[in-house]
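> To start, I am sharing the structure in question, which I have written as structure tokens.
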Amino acid sequence: MEVKLINSMTQVDCADWNRLVGDAYPFLRHEFLLALEESGSICEQAGWTPAHLLVMNADELVALMPQYLKQHSWGEYVFDHQWAQAYQQQGIHYYPKWLCAIPFTPCQGSRIVCLDTADQVKVMRVLLAFIKQHSQQQNISSWHCLFPEPQQAEQLKESGLSIREGVQFHWFNKGYRDFNDFLGTMNASKRKMLKRERRRVSEQGISLLQIAGAEVSEQQWQIFYRFYAMTYLKRSSQPYLNLAFFQQIAATMGNYLLLILAFKDDNPIAAALSFVGADTLYGRYWGCYEEYNSLHFEACYYQGLDYCIEHGLKRFDSGAQGEHKISRGFEPVTTYSAHWIKDAGFAKAIDHFIVREQQNMQNYKQDAATYLPFKQ
């Protein structure tokens, strides 16, 4: 096996890449990663240098891994700023670092993708050896794999990496016939709360429209992007993604997209964009000009639940954070990240940190579960 590092998705054939990736997890698709690069949403100037790894057996692509050389820790959703500060205090550079992740996307999925016939243990061993060797040669401090699926996190742990845990809140479809069937699993007070929130949206004269990505017009993409950008501008920051990115994925992977538009007096007032996987809906981007009572819950959660139930999707991953999701039926789940630290002293200190943090995360997850709204 030979490992090849490429600095752009244009250096690997789209069909070869997607043949390994498949359709289940849209963020690993060649089209998605290429759009990030070609739109300029990620680039060396932005602190994200593509450094994807391909594992070749002769001329055959047998495994792949999305990877970036990072000059900062923004847009990752697994926070290591304290680690970087500790390095700085000791006069050591934490950046650059390797990052195996989907930029700006805290959604669990495969991070090292192999042919079914490939020896996954051997592939992982070859990739990690390549990373460690190049880290020594290029003075790179560490390698971080964010939001791998649980089975892959366990494989990385067996390979000697340190595993951090986090908590997100996901909704699971337990064969519900419709939204009212889902409500029937809740205790009376929470059932009334959800009904009241949906009712308040309609009482304000707001209607919502679900549009499959391939059917979204150019004008509607422009409207969505203004809402999306407003979410960042309200916090005096710049959006991670630009309009060109959304226009490109609309053209190349529209079948994976679902746009929710909210209207009042025939005027668009808010929008939410989700990605559709094989069995999971991924809620990703939201924005509005002004706040309306319960509109965020309706556009970002309840419309997604309706869609999952109607289309038989098993799970709704609505993104990071959000304890308010618990009372609306989103259950706490464990997320993972894997870390290799080159400096032995810092590796030991970070391992101690992770052990303490893990116990806190497990306690937090157990406590969060006690607030779920379902009948006993």
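Listed here are the residues, each with its yes/no results for (1) under 21 Å from the mean Cα position of the chain (by Cα); (2) on the phi > 0 side of the Ramachandran plot; (3) assigned by TED's automatic domain parsing to the domain that holds S162; (4) at pLDDT below 95.
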position	(1), (2), (3), (4)
L34	yes, no, yes, no
I42	yes, no, yes, no
V62	no, no, yes, no
P66	yes, no, yes, no
G91	no, yes, yes, no
L99	yes, no, yes, no
C107	yes, no, yes, no
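> Of all residues in the range 157-173, how many are out of contact with any Gly (no Cβ under 8 Å at 6 or more places or on another chain) and either closer than 10 Å to I309 by Cβ or part of a strand (DSSP E or B) (or both)?
Filtering the range 157-173 for residues out of contact with any Gly (no Cβ under 8 Å at 6 or more places or on another chain) gives 157-167, 170, 172.
Cutting the leftovers down to either closer than 10 Å to I309 by Cβ or part of a strand (DSSP E or B) (or both) gives us 162-167, 170, 172.
Number satisfying all stated conditions: 8.
> Taking W143 and the conditions (1) over 21 Å from the mean Cα position of the chain (by Cα); (2) of a type in the set (F, W, Y); (3) more than 27 Å from E323 (Cβ to Cβ), which numbered condition does it fall short on, given that it satisfies the others?
(1)
> Out of (1) touching a Cys at 6+ places or on another chain (Cβ under 9 Å); (2) without any contact (Cβ under 8 Å) to a residue 60 or more places away in the chain, the odd one out for V123 is which?
So V123 meets the others, but not (2).
> Which helices (runs of 4 or more DSSP H) sit wholly inside the range 182-271 and have at least 1 residues that are on the phi < 0 side of the Ramachandran plot and more than 22 Å from the chain's Cα centre (by Cα)?
On the way: elements: 188-203, 218-233, 243-252.
In the range 182-271, the matching helices (runs of 4 or more DSSP H) lie at 188-203, 218-233.
> Residues in the range 303-349 that are surrounded by fewer than 20 Cβ atoms within 10 Å (Cβ to Cβ), touching a helix residue (DSSP H, G or I) at 6+ places or on another chain (Cβ under 8 Å) and of a type in the set (F, W, Y): how many?
The total comes to 1.
> For the range 11-36, what are the residues that are part of a helix (DSSP H, G or I) and closer than 21 Å to E60 by Cβ?
To start, the set of residues in the range 11-36 that are part of a helix (DSSP H, G or I) comprises 11, 14-21, 26-28, 30-36.
Selection gives Q11, C14, A15, D16, W17, N18, R19, L20, V21, L28, H30, L33.
> So in the range 146-181, with the set limited to residues that are more than 24 Å from H352 (Cα to Cα) and under 18 Å from the mean Cα position of the chain (by Cα), which one is surrounded by the fewest Cβ atoms within 10 Å (Cβ to Cβ)?
Just the residues of the range 146-181 that are more than 24 Å from H352 (Cα to Cα), to begin with: 169-181.
Then drop every residue that is not under 18 Å from the mean Cα position of the chain (by Cα), which leaves 169-172.
Values: F169: 23, H170: 17, W171: 23, F172: 13.
The extreme case among them is F172.
> What about D16, is it touching a residue at least 40 places away in the same chain (Cβ under 8 Å), farther than 25 Å from E165 by Cα, acidic (D, E) and touching a strand residue (DSSP E or B) at 6+ places or on another chain (Cβ under 6 Å)? Quick ask: steps written out before the conclusion?
Values: touching a residue at least 40 places away in the same chain (Cβ under 8 Å): yes; farther than 25 Å from E165 by Cα: yes; acidic (D, E): yes; touching a strand residue (DSSP E or B) at 6+ places or on another chain (Cβ under 6 Å): yes.
Yes.
> State which residue is surrounded by the fewest Cβ atoms within 10 Å (Cβ to Cβ) when the search covers only the range 37-93 and only residues that are part of a loop (DSSP other than H, G, I, E, B) and β-branched (V, I, T). It would help to see each step written out before you state the result.
Of the range 37-93, the ones part of a loop (DSSP other than H, G, I, E, B) are 39-43, 47, 51, 58-59, 66-67, 71-80, 90-93.
When the remaining residues are screened for being β-branched (V, I, T), the result is 42, 78, 92.
On the way: I42: 23, V78: 19, I92: 12.
Here the answer is I92.
> Return yes when A84 is in contact with a Phe, Trp or Tyr (Cβ under 9 Å, 6 or more places away or on another chain), free of Cβ contacts under 8 Å to residues at least 24 places away in the same chain and among the aliphatic types (A, V, I, L, M) and no when it is not. Don't jump to the end; show me each part of the working.
On the way: in contact with a Phe, Trp or Tyr (Cβ under 9 Å, 6 or more places away or on another chain): yes; free of Cβ contacts under 8 Å to residues at least 24 places away in the same chain: yes; among the aliphatic types (A, V, I, L, M): yes.
Yes.
> Quick check on this structure: which one of E298, E357 is outside any loop (DSSP other than H, G, I, E, B), surrounded by fewer than 18 Cβ atoms within 10 Å (Cβ to Cβ) and at pLDDT 95 or above? Working first, answer last.
Numbers: E298 fails: surrounded by fewer than 18 Cβ atoms within 10 Å (Cβ to Cβ).
None of the other options fit; the residue is E357.
> Do we have any residue at all in the range 119-136 that's buried (at least 20 other Cβ atoms within 10 Å of the Cβ), within 30 Å of N255 (Cα to Cα) and in contact with a helix residue (DSSP H, G or I) (Cβ under 7 Å, 6 or more places away or on another chain)?
The answer is no, given that none of the residues of the range 119-136 is buried (at least 20 other Cβ atoms within 10 Å of the Cβ), within 30 Å of N255 (Cα to Cα) and in contact with a helix residue (DSSP H, G or I) (Cβ under 7 Å, 6 or more places away or on another chain).
The values are calculated or read from the model by the stated rules, or taken from the named source; none is laboratory data. Computed from a predicted structure; not experimentally measured. Here Cβ is always computed from backbone atoms with ideal geometry, including for glycine, and neighbour counts include all displayed protein chains.
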